[in-house]
1. Just need the Rg to Rh number for the chain, please, alpha carbons only, Kirkwood Rh.
2. So which of K59/K96; K59/K99; K60/K142; K21/K130 end up more than 25 Å apart by C-alpha?
3. Mind checking the per residue accessible area of segment 1-46 for me, 1.4 Å probe, whole number of Å²?
4. Multiply the residue gap between S77 and I178 by 0.36 nm, knock off their C-alpha separation, and tell me the result in nm, one decimal place.
5. I'd like the carbon and sulfur percentage of the solvent accessible area for the chain, probe radius 1.4 Å, heavy atoms only, ligands and nucleic acids excluded.
6. What number, in percent, do you get for the relative contact order of the chain if the mean sequence gap of Cα pairs under 8 Å and at least 6 apart is divided by its residue count?
7. What per residue convex hull volume, in Å³, do the alpha-carbon atoms of segment 122-165 yield?
8. Considering the options T25, A176, P70, tell which one lies farthest towards the positive end of the dipole of the chain, charges being +1 on Lys and Arg and -1 on Asp and Glu at the Cβ, about the Cα centre.
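The values are calculated or read from the model by the stated rules, or taken from the named source; none is laboratory data. Worth saying up front: this structure is predicted, and the values here are computed from it rather than measured. We place every Cβ from the backbone using ideal geometry, glycine too, and count neighbours over all the protein chains shown. All accessible areas refer to the heavy atoms of the entire protein, side chains included, with ligands and DNA or RNA removed. Shrake-Rupley method; radii C 1.70, N 1.55, O 1.52, S 1.80 Å.
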Amino acid sequence: ILAVITQESNLGKNVGQCYLKNIETGAGVKIKTGAVSPKTMNPKTIQYFLEIIKNINEKKGLIRDPFATPVSCVMYSNGAPYGWGGGMGPGQFIAKTWKIYDSKVGAITGRVADPWDIRDAFLATALYLKDSGGSVKSGEFKATMNYFSGSSWTRWEEFYGRSVLSIATGYEKDIAAIGG
């Protein structure tokens, strides 16, 4: 869990560098420069994103602006946008996936789940990995890959799983070194 959150957001230090700006196309802007960022969020998931923000605002009494809330930017491969951005919070959940874990996290914590709250992100990540078979050592790679790209991951995307497992091994060695 710790390795996934490290890979996704450097333990919550980078919860996204884009803002969604266009709910029709999913385009956004880069937070630091204001430059247009295409494919910031898949238009098919924007409704879920807006529902999540509305729910948090209503139940927590917040005024979080969906167009000024950090989400991940689209990734690039060979200079071209690859897939979609839109990952939320320390766990970088896509809004549609968060909707699945929103009520599960809320049922455990007794409060409104918030993907930008590190505690909720850790819990949702744990539940997702467990649901993907990661509760046994032999299932960790597959669960990690499912976390990254669902069940349709490709061979070239395996860098993600290898990176996460390498981070986890490093954490295990550090814990062993301090007598954990």
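1. 0.98
2. Listed pairs above 25 Å: K60/K142; K21/K130.
3. Heavy-atom SASA per residue in segment 1-46 reads 53 Å².
4. Computed gain between S77 and I178 is 32.4 nm.
5. 56 percent
6. Computed value for the chain: 20 percent relative contact order.
7. 65 Å³
8. Positive-most Cα among the choices belongs to T25.
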